[in-house]
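Scroll down for the structure; my scribbles are underneath it.
The values are calculated or read from the model by the stated rules, or taken from the named source; none is laboratory data. Computed from a prediction, not measured in an experiment: that's the story for all the values here. Quick reminder, even Gly has a Cβ in these numbers, built from the backbone with ideal geometry, and neighbours come from all protein chains shown.
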């Protein structure tokens, strides 16, 4: 399909499940992201792994940080909104609630979506990039304000749905100080938020296609908490 990859339970269960938009990392709509969508479907959700790059004329990622900095956040969030609207109208969801789950760059957009997109009832952020001051989002000359109008952590106080976030204590791209800033910002939000930090985990600890980063036990625990959270908030 044009928007991305859709997975949902089949048979009698069709039309009786909530929706989940899955937002990929910087590398795009990969087999790993499709597999995550199928895993959500096996748990009883209609899952749309959205392709954020579908309208781009060419995708050549030689420097992931530069690529993310050059993306237009408003345009990417339009793609996320289109995915939310598509699921809300799809027979597999049929009026049930919709949430969003994102990983790395996608986690950043899951946070921004919680603060700006319509129709969301839950957001799950896996090691989303938070700061413009350092890391992958930092540029010595500053960022284009049209493409990057606000720092992800600055949007946290405006979330319009409950949020669950997972980070690794040893993440080279999201240091503990950024997570502390996120917690502080979420403390002023009008919806509940829970931030989990796993010792011994770095970036992409959920990604089982990256053996050096993958932490099987922590991934299992985070997955279980994610499913419980989505079932509660999207019921």
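Observations, loosely collected:
- The residues listed here are 228, 208; of these, the one that is surrounded by fewer than 16 Cβ atoms within 10 Å (Cβ to Cβ), in contact (Cβ under 8 Å) with a residue 60 or more places away in the chain, under 18 Å from the mean Cα position of the chain (by Cα) and over 20 Å from residue 129 (Cβ atoms) is 208.
Matching residues to (1) more than 22 Å from residue 178 (Cβ to Cβ); (2) modelled with pLDDT of 95 or more; (3) in contact with a helix residue (DSSP H, G or I) (Cβ under 8 Å, 6 or more places away or on another chain):
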{"site": "74", "(1), (2), (3)": "yes, yes, no"}
{"site": "82", "(1), (2), (3)": "yes, yes, no"}
{"site": "85", "(1), (2), (3)": "yes, yes, no"}
{"site": "126", "(1), (2), (3)": "no, yes, yes"}
{"site": "141", "(1), (2), (3)": "no, no, no"}
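- Residue within the stretch 163-176 that is in contact (Cβ under 8 Å) with a residue 40 or more places away in the chain, farther than 15 Å from residue 104 by Cα, surrounded by 14 or more Cβ atoms within 10 Å (Cβ to Cβ) and in contact with a helix residue (DSSP H, G or I) (Cβ under 9 Å, 6 or more places away or on another chain) present: yes
- Members of the stretch 123-156 found to be at positive phi and touching a residue at least 24 places away in the same chain (Cβ under 8 Å), listed by number: 127, 135
- Test: residue in the stretch 144-159 that is more than 17 Å from residue 80 (Cα to Cα) and within 13 Å of the chain's Cα centre (by Cα): no
- Positions within the stretch 95-110 being over 11 Å from residue 161 (Cβ atoms) and in a helix (DSSP H, G or I), in sequence order: 105, 106, 107, 108, 109
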